[in-house]
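Engineer: Structure provided below as structure tokens; questions to follow.
The values are calculated or read from the model by the stated rules, or taken from the named source; none is laboratory data. All figures in this text were calculated on a predicted structure; none of them were measured in a lab. Cβ coordinates were reconstructed from backbone atoms using ideal geometry, including for glycine residues, and neighbour counts include every protein chain displayed.
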Amino acid sequence: MRRPTAAAFAAFALHVTALAQQLDLDPAAAGPADRIWSSNPDDQDVWLRRRFPLPDKVTTARLVFSCDNECRVLVNGKEVATAASWMDVTVVDLEQLDRDNVVAVEAKNTGGPGAFACWVLWTDAEGEARELISDVSWKVTTTATDIGDGWDAVAFDDSKWQTATASFNSVFGQNLYNGAPTTVHFRNRHSDSADTIAAGLRQLRRALSREAARAALDAIEKAVMAARTQLWREEQAEKARDSGR
């Protein structure tokens, strides 16, 4: 039997992963979230925050959001994703949540009313599914001077910010206005490798020479090796933690 090429393996892996992740966006998996913004829906630039504690440390969690029009999303001070269309949905596998957390959003509208919808989903220590949604418990400001150093950090004082305004609901797994998303963007610790693999596959399909095909395969194999190396390092770190207990 012939051994599968790196390109074939990568294409199959991406296909299976996409199918599995699409299933995770079943509307029955979570309740609706409010579309939130400032009190003036025509404000073009807003900053949003939601601080939330957890009784137990969570090691796996997922962030899902859609925005009209553009946004940058940070969790505990770290940028985890960006978005540029209300027609899309972005899904982020969060590496870890702490006992105290904050989701911070820098959002920009480019005409007409703006809105943002968000879900944070996790499993607690008892195995129960939990969720946090965008609603009036979020804080918002439209004043750039309210954005100081560390505005995206847990400890930032947002007491001068206003309460977010909620209008209508967004269904989980749909885009902001409850249509089928044009694109679902998935981000996790392997996203850079996956993006390189996807670009290599596109290059391979367009290759008109052996040299071009070889260059595409080299890029794919390098990205696969980088992902495998990262997995190996994680496994070694986990074994070291277990042996130290």
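Engineer: Can you tell me which of THR229, THR182, THR145, THR163 is hydroxyl-bearing (Ser, Thr, Tyr), within 19 Å of the chain's Cα centre (by Cα) and surrounded by fewer than 16 Cβ atoms within 10 Å (Cβ to Cβ)?
Structural biologist: Details: THR229 fails: within 19 Å of the chain's Cα centre (by Cα); THR145 fails: within 19 Å of the chain's Cα centre (by Cα); THR163 fails: within 19 Å of the chain's Cα centre (by Cα).
When all the criteria are applied, what remains is THR182.
Engineer: Please go through segment 71-110 and pick out each residue that is touching a strand residue (DSSP E or B) at 6+ places or on another chain (Cβ under 8 Å), of a type in the set (D, E, K, R) and under 24 Å from GLN230 (Cβ atoms).
Structural biologist: Answer for segment 71-110, where residues must be touching a strand residue (DSSP E or B) at 6+ places or on another chain (Cβ under 8 Å), of a type in the set (D, E, K, R) and under 24 Å from GLN230 (Cβ atoms): GLU79, ASP93.
Engineer: Right, something else. Given the conditions (1) on the phi < 0 side of the Ramachandran plot; (2) in a loop (DSSP other than H, G, I, E, B); (3) in contact with a Leu (Cβ under 8 Å, 6 or more places away or on another chain), which single one is not true for ALA198?
Structural biologist: (2)
Engineer: Are there strands (runs of 3 or more DSSP E) fully within segment 26-98 with at least 3 residues that are in contact (Cβ under 8 Å) with a residue 60 or more places away in the chain? List them. Before you say what the answer is, go through the steps one by one.
Structural biologist: Numbers: elements: 33-37, 45-53, 61-68, 70-75, 78-83, 89-94.
Counting at least 3 such residues, we get 33-37, 45-53, 61-68, 78-83, 89-94.
Engineer: Now for a different question. Does ALA213 satisfy the condition of being in contact with a Gly (Cβ under 6 Å, 6 or more places away or on another chain), part of a helix (DSSP H, G or I) and not assigned by TED's automatic domain parsing to the domain that holds SER66? Show your work before the answer.
Structural biologist: Working: in contact with a Gly (Cβ under 6 Å, 6 or more places away or on another chain): no; part of a helix (DSSP H, G or I): yes; not assigned by TED's automatic domain parsing to the domain that holds SER66: yes.
It is false that ALA213 is in contact with a Gly (Cβ under 6 Å, 6 or more places away or on another chain), part of a helix (DSSP H, G or I) and not assigned by TED's automatic domain parsing to the domain that holds SER66.
Engineer: Shifting gears a bit: Please verify whether GLY173 is surrounded by 16 or more Cβ atoms within 10 Å (Cβ to Cβ) and either assigned by TED's automatic domain parsing to the domain that holds ALA83 or hydrophobic (A, V, I, L, M, F, W, C) (or both), treating the condition exactly as stated. Steps first, answer last, please.
Structural biologist: Numbers: surrounded by 16 or more Cβ atoms within 10 Å (Cβ to Cβ): yes; either assigned by TED's automatic domain parsing to the domain that holds ALA83 or hydrophobic (A, V, I, L, M, F, W, C) (or both): yes.
So GLY173 passes the test.
Engineer: On the given criteria, is TRP151 in the same structural domain as THR82 (by TED's automatic domain parsing), surrounded by 15 or more Cβ atoms within 10 Å (Cβ to Cβ), in contact (Cβ under 8 Å) with a residue 60 or more places away in the chain and more than 14 Å from ILE36 (Cα to Cα)?
Structural biologist: Values: in the same structural domain as THR82 (by TED's automatic domain parsing): yes; surrounded by 15 or more Cβ atoms within 10 Å (Cβ to Cβ): yes; in contact (Cβ under 8 Å) with a residue 60 or more places away in the chain: yes; more than 14 Å from ILE36 (Cα to Cα): yes.
For TRP151, the condition - in the same structural domain as THR82 (by TED's automatic domain parsing), surrounded by 15 or more Cβ atoms within 10 Å (Cβ to Cβ), in contact (Cβ under 8 Å) with a residue 60 or more places away in the chain and more than 14 Å from ILE36 (Cα to Cα) - is met.
Engineer: Looking only at residues in segment 39-55 that are surrounded by 21 or more Cβ atoms within 10 Å (Cβ to Cβ) and of a type in the set (A, V, I, L, M, F, W, C), which one is nearest to ALA104 (Cα to Cα)?
Structural biologist: Restricting to residues being surrounded by 21 or more Cβ atoms within 10 Å (Cβ to Cβ) and of a type in the set (A, V, I, L, M, F, W, C), the top hit is LEU48.
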